[in-house]
Amino acid sequence: MSCHLSGAGNAPRPRHSEDWAPLLETWGFDQVVTQAWEGRGRMPARGFCQSCSREDIEAAVRYMIPEHLLDEYAPEP
Ligand code: HEM
């Protein structure tokens with residue numbers, strides 16, 4: 001939240017469709033999770049959370065994406 005709440009450095013803000021829609025359209029959900037896992041641009045790998053699993057990172061990404069975009073790009077199995 002220290003980075004994403006403010007949107008500093010272009011960090012997509014939680015539940016802001018205008019931030020997440022372009023990313024999901026461009027990359028798709030799995031690749032967006034991979035970019036959070038591996039890091040991209042000013043996004044640090046795993047958000048500096050060394051103890052986080054990929055599932056943890058995916059869950060955090062799902063938390064930040066608005067519901068309607070999750071339904072469209074990453075419906076729960
Ligand atoms: C577990 C914690 C975090 C998660 C799950 C997370 C997730 C994400 C995701 C999914 C993106 C979009 C990646 C893409 O472009 O496809 C992103 C971008 C970004 N995040 Fe994070 N983030 C986390 C922590 C952080 C922290 C701690 C910082 C600041 C040090 C940060 C700064 C940024 C920035 C600046 C971007 C935009 C990157 C760019 O466009 O250059 N994030 N993050």
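Assorted remarks:
- Over segment 17-73, the pair-distance histogram of Cα-Cα distances with 5 Å bins from zero comes to 4, 20, 31, 26, 13, 5, 0 percent, rounded to whole numbers.
- In order along segment 50-55, the phi-based Karplus estimate (6.51 cos²θ - 1.76 cosθ + 1.60, θ = phi - 60°) of 3J(HN,Hα) comes to 5, 7, 6, 8, 5, 5 Hz; Gly and Pro are listed as x.
- In the full protein context, segment 17-73 carries 62 Å² of accessible surface per residue, based on a 1.4 Å probe and ignoring ligands, DNA and RNA.
- Length gained when the stretch ALA45-GLU18 is fully extended (0.36 nm per residue, less Cα-Cα span): 7.4 nm
- Sorting 30-37, 49-56 by average packing, meaning the other beta carbons within 10 Å per residue, from highest down gives 30-37, 49-56.
The values are calculated or read from the model by the stated rules, or taken from the named source; none is laboratory data. Here the structure is a predicted model, which is why all the values come from computation and not from measurement. Ideal geometry is used to build each Cβ from the backbone, glycine not excepted, and the neighbour counts take in all protein chains shown. Please note that ligands, DNA and RNA were not included when accessible areas were found on the heavy atoms of the full protein model with its side chains. Shrake-Rupley method; radii C 1.70, N 1.55, O 1.52, S 1.80 Å.
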